[in-house]
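Enquirer: This is the structure, below, for whatever I ask next.
The values are calculated or read from the model by the stated rules, or taken from the named source; none is laboratory data. In this text the structure is predicted, and so the values were computed from the model without any measurement. Positions of Cβ are backbone-derived with ideal geometry, glycine not excepted, and every protein chain shown enters the neighbour counts.
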Amino acid sequence: MAPCRMLNQIPRELTDWKNNMTHEVKRLFKYVGHLPSLLSITPNVAIIQALLEYWDPEGSIFRFGECELTPTLEEIEGLLQIPGKGYPMIYPTNGTREQFYRFLGLRQVSMNQHPDARSCPLEFLYERFGERGSYEQYRTDFFISKEQWVEKRVQAFGLALINLLLFPQKHGKITFFTINMVQSLFSGINGMTPTLVPVIIADIFMAATECRKKRGFFYGSNLILQMWAMEHLAKRTLNPLGSCLPAENWIESH
């Protein structure tokens with residue numbers, strides 16, 4: 001099978017952004033669990049390439065001789081500690097450029113330097129939300145107050161994490177396609193926080209199948225697949241894939 005390209009390096013801006021929001025990052029836990037901890041993981045492309053050799057697209061499972069393994073809803077929920085079964089499901093829909101800048105409290109003119117109708121660079125978001133002084137530096141780009149920006153800054157970071165770590169693109173940009181999903185995540189559905197678990201697994205399955213068929217880009221979360229694989233390979237006294245330990249951040253152990 002031809003090698004499949006995938007996320008092979010954590011963007012520096014994401015790491016800097018997290019470091020600049022030491023306390024605020026905790027407010028994301030309700031929505032994305034320990035997802036920010038993925039920034040400390042070193043992508044191991046070789047593991048995923050080897051794992052894909054055993055992917056069976058027909059059964060959506062990894063076949064190792066007579067042994068069959070596949071990521072489950074409970075496993076991903078346990079690894080990330082995010083809402084799972086019983087919570088409303090959300091999926092990426094046709095989000096637009098206009099919805100994107102309105103959600104972030106940005107004026108339309110602020111995006112004129114990036115005319116792409118589908119995406120914008122991570123640097124664009126980092127410059128306006130990543131630093132504590134970003135609001136003052138780019139004040140004319142916003143139609144929201146400083147107080148609103150403080151809240152929106154956390155959501156913008158969550159948006160970047162979801163785009164680049166859960167649903168990466170080969171161009172490494174933030175796509176507008178996911179904005180409806182992200183907005184629903186933070187706003188809630190019928191008073192409940194939606195779950196990202198089904199769409200995470202679905203994208204991993206689709207990416208694995210595409211990479212088995214032809215050379216291309218792994219459009220799923222190779223970091224989560226990497227953690228899942230290592231949890232099955234590593235020997236632990238306690239394992240998040242076999243028990244419910246909501247207080248543990250298993251990502252930090254990788």
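Enquirer: Closer than 15 Å to LEU38 by Cβ, modelled with pLDDT of 95 or more and part of a helix (DSSP H, G or I): does that describe LEU223?
Expert: The answer is yes for LEU223.
Enquirer: Just give me the residues in the stretch 56-67 being assigned to a loop (DSSP other than H, G, I, E, B) and surrounded by 11 or more Cβ atoms within 10 Å (Cβ to Cβ), in sequence order.
Expert: PRO57, SER60
Enquirer: Cβ-Cβ under 8 Å, sequence separation 6+ or interchain: first residue in the stretch 56-68 and at positive phi, partner assigned to a loop (DSSP other than H, G, I, E, B). Which pairs?
Expert: SER60/THR70
Enquirer: Given the criterion in a helix (DSSP H, G or I) and within 17 Å of MET230 (Cβ to Cβ), identify the matching residue among LEU38, LEU28.
Expert: LEU38
Enquirer: For the stretch 81-137, what are the residues that are more than 28 Å from ILE189 (Cα to Cα), acidic (Asp, Glu) and modelled with pLDDT of 95 or more?
Expert: Once the filter is applied, which keeps residues that are more than 28 Å from ILE189 (Cα to Cα), acidic (Asp, Glu) and modelled with pLDDT of 95 or more, the stretch 81-137 yields GLU123, GLU127, GLU131, GLU136.
Enquirer: Further, regarding this structure: Of the conditions (1) in contact with a strand residue (DSSP E or B) (Cβ under 8 Å, 6 or more places away or on another chain); (2) aromatic (Phe, Trp, Tyr); (3) over 30 Å from ARG118 (Cβ atoms), TYR87 clears all except one; give me its number.
Expert: (3)
Enquirer: Might you let me know whether the stretch 164-178 holds any residue that is over 26 Å from ILE76 (Cα atoms) and charged (D, E, K, R)?
Expert: no
Enquirer: In the stretch 144-155, which residues are part of a loop (DSSP other than H, G, I, E, B) and surrounded by 14 or more Cβ atoms within 10 Å (Cβ to Cβ)?
Expert: Within the stretch 144-155, ILE144 is the sole residue that qualifies.
Enquirer: Confirm whether SER134 is crowded, with 18+ Cβ neighbours inside 10 Å, under 23 Å from the mean Cα position of the chain (by Cα) and not hydrophobic (A, V, I, L, M, F, W, C).
Expert: For SER134, the condition - crowded, with 18+ Cβ neighbours inside 10 Å, under 23 Å from the mean Cα position of the chain (by Cα) and not hydrophobic (A, V, I, L, M, F, W, C) - is not met.
Enquirer: Same structure again: Restricting the stretch 43-55 to residues that are in contact (Cβ under 8 Å) with a residue 60 or more places away in the chain and assigned to a helix (DSSP H, G or I), which is surrounded by the most Cβ atoms within 10 Å (Cβ to Cβ)?
Expert: Step by step, filter the stretch 43-55, then rank; the result is ILE48.
Enquirer: Look through ILE82, ILE162, ILE76, ILE61 and report the one residue that is in contact with a Ser or Thr (Cβ under 6 Å, 6 or more places away or on another chain) and under 25 Å from GLN226 (Cβ atoms).
Expert: Of the residues listed, the single one that is in contact with a Ser or Thr (Cβ under 6 Å, 6 or more places away or on another chain) and under 25 Å from GLN226 (Cβ atoms) is ILE61.
Enquirer: Here's another thing I want to ask about it. May I ask you to say which residue of LEU185, LEU125, LEU79, LEU165 is closer than 19 Å to LEU7 by Cα and assigned to a helix (DSSP H, G or I)?
Expert: That would be LEU165, the only listed residue that is closer than 19 Å to LEU7 by Cα and assigned to a helix (DSSP H, G or I).
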